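Beneath this line is the structure, given in structure tokens, with notes to follow.
Each reported figure results from applying straightforward, stated rules to the coordinates on display, with no laboratory input. Predicted, not measured: the structure shown is a model, and the values here were computed from it. Cβ placement follows ideal geometry from the backbone for every residue including glycine, while neighbour counts extend to all protein chains displayed.
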Amino acid sequence: MPLQIIDHGSIQHHKMVDLRFQMLRKPLGLTFTKEDLEAEKNDILIGFFDEEKLEGCCILTKEDEITVRLRQMAVLSGLQGKGIGRVIMNFAENIARDRGFKKLNMHARKTAIGFYEKLGYHLEGHEFVEVTIPHVEMMKNL
């Protein structure tokens, strides 16, 4: 199965951290701290694999009893626009529903707004800067 929930600290988790670093942090001159990675221990870590190769991922973090936050969505360069992100999002939404969440929200990079709008997410609030680049809060009822 190409989609799976990843165990924190596993080999797959290390692949996920590397993919997120390469796609999300390194271009901004940022890294992950030990504390950043330790904080993911209770999160839902999702990966999209082709054989053993991790091609995309995201994290779901519980905010409260009905809301989960999508974080660190990444798809390998060269594979973007091929439907992997959509598949990951559908899987993440299903996992969130199965665990009783009613809302999924995120801080989306401004460049990704159109992608999330096509999946039924809407803007909440105003633009802000996070990790040095423009973001907006987006939300969807599950």
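The Cα center of region 6-42 and the Cα center of region 48-63 differ in position by 11 Å.
With viscosity set to 0.692 mPa s at 37 °C, what whole-number translational diffusion coefficient in µm²/s follows for region 3-104 from Stokes-Einstein and a Kirkwood radius over Cα pairs?
Numbers: Rh = 13.9 Å.
Value of D from the Cα-based Kirkwood radius: 236 µm²/s.
With both labels modelled 7 Å from their Cα along Cα-to-Cβ, the Leu123 to Arg99 distance reads 2.9 nm.
The charge dipole of the chain, taken about its Cα centre with unit charges on the Cβ of Lys, Arg, Asp and Glu (plus for the first two, minus for the last two), comes to roughly 300 debye.
How high is the relative contact order of the chain, in percent, with contacts defined as C-alpha pairs under 8 Å that are six or more residues apart? Numbers along the way, then the final one.
Details: 224 pairs, mean separation 27.4, N = 142.
Relative contact order of the chain: 19 percent.
With the simple spin-label model, which puts each label point 7 Å out from Cα in the Cβ direction, the Val87 to Arg71 separation comes to 2.6 nm. Ordering Leu76, Asn94, Leu60 by the projection of their Cα atoms onto the charge dipole of the chain, which places +1 on the Cβ of Lys and Arg and -1 on the Cβ of Asp and Glu, puts Leu76 at the extreme positive end.
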